[in-house]
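Notes follow once the structure below has been shown.
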Amino acid sequence: MSRFGVQCEDLHSLVQTIDSLDVQINSIYTHFAGGIMDREGNQAQLDRFLDCSEDYVARNIPRHASATSGCCQQIGTDLDYIRPGGAIYGLCSVNDIPSSELFQELGFRPAMSVVAEPTFYKLLPAGRRIGYDGLYTTKEPEWIANIACGWSDGYRRKLSLGVGAVKNNRTGELCPIVGRVSMDSCTVRLPRKPEASDTYSLLTDDFAEKTSYTWMARTLNAANYEITGTFSTRLPRVYTSGEKIVDIMHAVDYTN
């Protein structure tokens with residue numbers, strides 16, 4: 001990838017220098033530049049890596065190349081190690097639709113979702129402006145819910161004004177974001193008065209339109225890992241096994 005490390009033609013001199021300093025070499029590796037649809041590019045990179053590192057097999061220096069994309073392609077998986085990376089969490093390395101569909105067909109599912117209860121909801125009359133700058137106006141009597149998750153928590157401001165939506169976890173209905181996503185909250189339009197027990201997913205553990213990390217990444221021109229990785233430490237981490245909660249960690253627990 002021409003970021004860290006050395007070019008193939010410089011590997012031998014680097015190893016000589018390391019040996020002269022009496023530093024142990026634990027492994028030699030490359031990292032594929034292409035996504036899971038770029039089989040040809042990743043295979044060509046692997047071939048160059050294997051060729052330039054072949055002399056060190058006799059020294060029993062482990063070699064590895066396959067991260068999430070390589071594991072999905074089964075390219076480089078026969079070396080000494082693999083590095084599944086985002087795949088461990090059900091995250092595809094790229095966000096285009098063909099890659100996302102292939103990743104889903106391979107049986108992966110995101111491990112992460114963001115779930116919230118409304119902190120407040122109300123029936124507003126027609127003509128009521130909502131949020132900063134009043135960018136949304138109710139067209140008829142509408143149920144509006146406030147959810148305490150905003151851009152400071154990692155829910156992007158660019159999902160304002162109906163671009164994004166949240167999912168009612170009881171009915172499966174999508175409820176659009178209305179008004180502007182603010183620092184600590186967002187407002188959503190509900191089809192009816194909610195049940196007291198209703199919860200809503202801002203990020204769903206699937207590949208759905210409007211609520212999945214892949215859709216958000218495509219829509220916002222972002223990386224997949226950027227979507228999941230920027231939800232802040234203000235949000236407690238709830239760990240589940242099946243339908244059972246097994247642990248809850250707040251920021252003070254997992255940032256110390």
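The values are calculated or read from the model by the stated rules, or taken from the named source; none is laboratory data. Small disclaimer: the values here were computed from a predicted structure and weren't measured. No Cβ is skipped: glycine too gets one built from the backbone with ideal geometry, and neighbour counts run over all protein chains shown. Ligands, DNA and RNA are stripped out before the accessible areas are found, and what is left, the full protein with its side chains, is counted by its heavy atoms. Shrake-Rupley method; radii C 1.70, N 1.55, O 1.52, S 1.80 Å.
Rolling a 1.4 Å probe across the protein heavy atoms gives the range 144-256 an accessible surface of 50 Å² per residue. Counting only DSSP beta bridges with both residues in the chain, the antiparallel share comes to about 90 percent. The residues packed around PRO110, meaning those with a beta-carbon under 9 Å from its beta-carbon, carry a net charge of -1 if Lys and Arg are +1 and Asp and Glu are -1.
Among the protein heavy atoms, those of LYS244 account for about 140 Å² of accessible surface (1.4 Å probe, every chain in place).
Taking the Cα centre of the chain as origin and assigning +1 to Lys and Arg Cβ atoms and -1 to Asp and Glu Cβ atoms, the resulting dipole is close to 1580 debye. A simple count of charges around ARG180, restricted to other residues whose Cβ falls under 12 Å of its Cβ and scoring Lys, Arg +1 and Asp, Glu -1, yields +3. Our note on the geometry: Cα centres of the range 110-168 and the range 42-58, 52 Å apart. How would the chain be classified by its alpha-carbon gyration tensor: rounded, prolate or oblate, with rounded meaning a/c under 1.5 and the a/b versus b/c comparison settling the rest? Prolate is the answer for the chain, as a/c is 1.5 or above and a/b outweighs b/c. I need the shape label for the range 169-222. Rule: rounded when a/c is under 1.5, else prolate if a/b > b/c, else oblate, with a, b, c from the alpha carbon gyration tensor. Oblate shape, in that a/c is at least 1.5 and b/c is the bigger or equal ratio.
Highest mean packing comes first when the peptides 32-43, 132-143 are listed by Cβ atoms within 10 Å, giving 32-43, 132-143. Counting only DSSP beta bridges with both residues in the range 11-145, the antiparallel share comes to about 60 percent. Split the accessible area of the range 149-215 by element, probe 1.4 Å, and carbon with sulfur accounts for 49%.
Shape class of the range 119-173 from the alpha-carbon gyration tensor: oblate, with a/c at 1.5 or above and b/c at least as large as a/b. Packing order of peptides 77-86, 170-179, highest average first: 170-179, 77-86 (average count of other Cβ atoms within 10 Å over each peptide's residues). Fully extending the segment from ARG39 to PHE4, taken as 0.36 nm per residue of separation minus the present Cα-Cα distance, adds 10.4 nm.
Give me the net charge for the shell around GLY131: Cβ to Cβ below 12 angstrom, other residues only, Lys and Arg +1, Asp and Glu -1. Net of charged neighbours comes to +4.
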